[in-house]
1. So which strands (runs of 3 or more DSSP E) are wholly in the stretch 123-240 and hold at least 3 residues that are more than 30 Å from TYR384 (Cα to Cα) and open to solvent by 10 Å² or more (accessible area, probe 1.4 Å)?
2. Report, ordered by the first and then the second residue, all pairs with beta carbons closer than 6 Å, sequence separation of six or more or different chains, a first member in the stretch 548-565 that is at negative phi, and a second member that is of a type in the set (Lys, Arg).
3. Could you tell me whether any residue of the stretch 480-489 is without any contact (Cβ under 8 Å) to a residue 60 or more places away in the chain and within 37 Å of the chain's Cα centre (by Cα)?
4. Mind checking which pairs have a first residue in the stretch 170-184 that is modelled with pLDDT of 95 or more and a second that is open to solvent by less than 70 Å² (accessible area, probe 1.4 Å) and assigned to a helix (DSSP H, G or I), Cβ under 6 Å, 6 or more apart or different chains?
5. From (1) in contact with a Leu (Cβ under 6 Å, 6 or more places away or on another chain); (2) crowded, with 18+ Cβ neighbours inside 10 Å; (3) not aliphatic (A, V, I, L, M), pick out the condition that doesn't hold for PHE346.
6. Can you tell me which residue in the stretch 90-107 is nearest to ILE317 (Cα to Cα), limited to those that are part of a loop (DSSP other than H, G, I, E, B) and over 20 Å from the mean Cα position of the chain (by Cα)?
7. Is there any pair linking a residue in the stretch 451-473 that is over 15 Å from ASN542 (Cα atoms) and open to solvent by 10 Å² or more (accessible area, probe 1.4 Å) to one that is in a helix (DSSP H, G or I) and at pLDDT 95 or above, with Cβ under 6 Å and at least six apart or on different chains, and which?
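The values are calculated or read from the model by the stated rules, or taken from the named source; none is laboratory data. The shown structure was predicted, so the numbers you read here are calculated from the model rather than taken from an experiment. Cβ placement follows ideal geometry from the backbone for every residue including glycine, while neighbour counts extend to all protein chains displayed. Remember, those area values only see protein heavy atoms, side chains included, never the ligands or the DNA or RNA. Shrake-Rupley method; radii C 1.70, N 1.55, O 1.52, S 1.80 Å.
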Amino acid sequence: MKASRMIIPTLKEAPQEAIIDSHILMLRAGLIRKLVSGVYNYLPLGLRSLRKVEKIIKEEMDRSGALEILSSAMQPKELWEESGRWNKYGPELFRFKDRHNRDYCLGPTHEEIFTDLIRNTVKSYKQLPLNIYQIQTKYRDEMRPRFGLMRGREFIMKDAYSFDVDEKGLDESYKIMYETYSRIFTRLSLNFKVVLADTGAIGGNASHQFMALSDIGESNIIYCENCSYAADEEKAYSHAPTLEKEELKDREEVLTVNKHSIEEISEFLNLPLYKIAKSMIYYAEDSKQYGMFIVRGDYEVNEIKVANALNSSEVFIRLASDEEISALCSIAGFIGPVNFSKCQIFIDEEVTKMSNFVVGANKKDYHLVNVNYKKDFDGTIGDYKKAKEGDLCPICGKPLKSERGIEVGQVFKLGTKYSLPMNCTFLNEQGKTLPMVMGCYGIGITRTFQAIIEQHHDEYGIVFPLETAPYHIVIVPVNYDDEEQHRVSDKLYEMLNFKVETVLDDRKMKIGFKMKDWELIGIPYIAIVGRRASENIVELKNRNDNSKVELTLDEVKEFIIDKVNNLK
């Protein structure tokens with residue numbers, strides 16, 4: 001391809017909307033352009049790279065034995081009602097009516113569609129196991145689209161669904177996809193961790209996330225360097241540092257005028273935060289139930305775990321208002337579990353290990369001191385806190401670390417969550433009708449594309465891995481009007497074109513301008529044709545480390561073709 005015929009709309013400065021490096025670089029390098037909030041057009045250079053990401057994913061999915069299909073993005077309400085998700089999914093679901101007043105949504109995910117397809121196609125155990133996948137545009141009406149392709153309202157996703165006769169079969173399908181994803185993200189040159197994850201709106205009974213490590217990641221990863229434990233913050237389980245047990249004291253009521261927050265109480269009573277229990281009342285709008293959640297004062301409540309405890313979804317969970325708390329016979333700022341019976345009480349297990357701690361008295365301007373679990377109150381014990389760095393690993397007991405990550409893929413064990421209500425069944429060897437056991441496996445392709453750039457860039461621009469670069473090499477003559485440089489540039493282009501993906505920058509622009517363009521775009525190799533053109537020698541720049549070496553045309557050809565062939 002000759003640069004004079006390409007669209008190369010690079011920018012010196014990025015639009016103000018861009019905050020993180022990868023979003024800035026994608027806009028400046030002319031890979032994408034914003035259409036409306038959370039929706040982007042993919043320009044030629046960006047689309048070439050995106051298609052390479054898709055190609056690697058398809059190769060590994062096909063290698064795993066999965067079969068590719070393509071389903072509609074438009075989904076009827078009736079299927080979502082069968083699964084029970086039409087009302088539960090939340091405001092992110094794009095809903096609309098057709099001219100006949102029938103309800104539809106634009107698919108944010110495709111569990112219902114794939115389940116419906118298989119229940120009408122597969123009838124016998126002899127046709128199982130089965131794994132089918134697609135690459136398709138999805139839609140979610142995000143409240144705050146941000147960070148470019150990281151969180152958009154329209155995005156490209158690879159989703160796959162496995163169908164097995166039993167849990168043992170699901171375990172094997174899950175293992176195959178886990179290994180397939182590990183190969184995919186390794187081939188994409190991503191530095192990633194695999195972590196335990198919450199199943200969220202998809203549902204199911206087990207899940208892992210594949211997280212590309214990055215300081216700008218929206219998720220916190222809690223992991224142990226000593227053993228294999230790693231989990232997303234939403235799912236992470238940990239032990240707090242052990243507190244010394246004390247002899248139990250008698251409960252007392254103390255005056256705490258206008259002392260509402262944990263920090264204010266801590267300062268007023270001259271007690272550390274871990275001697276205070278934080279009581280918070282949440283409301284689940286879908287199930288219309290309240291719950292009081294109690295955690296140690298030096299921890300935060302994990303709202304994902306709250307949603308799970310209340311059999312709800314995160315989008316329907318909110319803190320109770322002051323008016324609602326008053327109606328529950330308590331006072332905002334002075335909430336506590338002692339003699340409280342208006343809703344279910346959920347106690348984080350770390351609270352059960354505390355001695356003589358402080359809680360709200362459910363009375364204005366008063367708190368209770370020397371409170372103890374079982375002696376003064378009871379409730380449902382569980383893990384409701386947010387794990388954090390420095391906590392103890394639940395497996396080996398060593399201190400946990402934390403890093404931020406970008407979720408690029410997730411695998412779920414769905415079990416019969418969709419097949420049972422949607423009657424997706426098969427006949428076993430004995431002729432008995434049983435529900436299929438399902439798995440679900442997703443990769444955010446556009447998010448993965450941006451994550452690659454987030455991990456691979458420097459002060460000059462993008463540094464694409466060879467596997468996903470728009471082109472492998474660009475030939476840049478210092479002065480294309482110079483006869484020798486023109487001859488050598490054309491000759492090298494003829495030697496490389498159709499063997500590797502090659503650009504010849506034949507634009508009549510200064511060398512500095514052209515070099516800044518290609519360094520910004522991130523083409524892995526730049527062949528600079530200059531002062532030694534008459535000797536058939538060019539300068540080859542490696543964009544990965546910005547090193548340069550002088551090579552003959554034959555040496556450049558051999559080097560680049562060898563690099564590209566090693567990718568296959």
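1. On the way: elements: 130-139, 154-164, 192-196, 206-213, 219-223, 230-232.
Because the criterion is at least 3 residues that are more than 30 Å from TYR384 (Cα to Cα) and open to solvent by 10 Å² or more (accessible area, probe 1.4 Å), the strands (runs of 3 or more DSSP E) in the stretch 123-240 that meet it are 130-139, 154-164.
2. LYS548/LYS541; ILE561/LYS499
3. Filtering the stretch 480-489 for residues without any contact (Cβ under 8 Å) to a residue 60 or more places away in the chain gives 480-487, 489.
Retained after the next criterion (residues that are within 37 Å of the chain's Cα centre (by Cα)): none.
Checked against the condition, which is being without any contact (Cβ under 8 Å) to a residue 60 or more places away in the chain and within 37 Å of the chain's Cα centre (by Cα), the stretch 480-489 yields no hits at all.
4. Every condition considered, the pairs that remain are THR180/GLU60; ARG183/GLU60; ILE184/ILE57; ILE184/GLU60.
5. (1)
6. The first filter runs over the stretch 90-107 and keeps only residues part of a loop (DSSP other than H, G, I, E, B), leaving 90-93, 98-102, 107.
Next, from what is left, pick out any that are over 20 Å from the mean Cα position of the chain (by Cα): 98-102.
Details: ASP98: 31, ARG99: 34, HIS100: 34, ASN101: 31, ARG102: 29 Å.
Across the stretch 90-107, the extreme among qualifying residues is ARG102.
7. GLU454/SER22
For (1) among the polar types (S, T, N, Q); (2) over 28 Å from the mean Cα position of the chain (by Cα); (3) within 19 Å of LYS305 (Cβ to Cβ), each residue gets a yes or a no:
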{"position": "PHE357", "(1), (2), (3)": "no, yes, no"}
{"position": "ALA361", "(1), (2), (3)": "no, yes, no"}
{"position": "LYS364", "(1), (2), (3)": "no, yes, no"}
{"position": "ALA387", "(1), (2), (3)": "no, no, yes"}
{"position": "LEU400", "(1), (2), (3)": "no, no, yes"}
{"position": "GLU403", "(1), (2), (3)": "no, no, no"}
{"position": "GLU429", "(1), (2), (3)": "no, yes, no"}
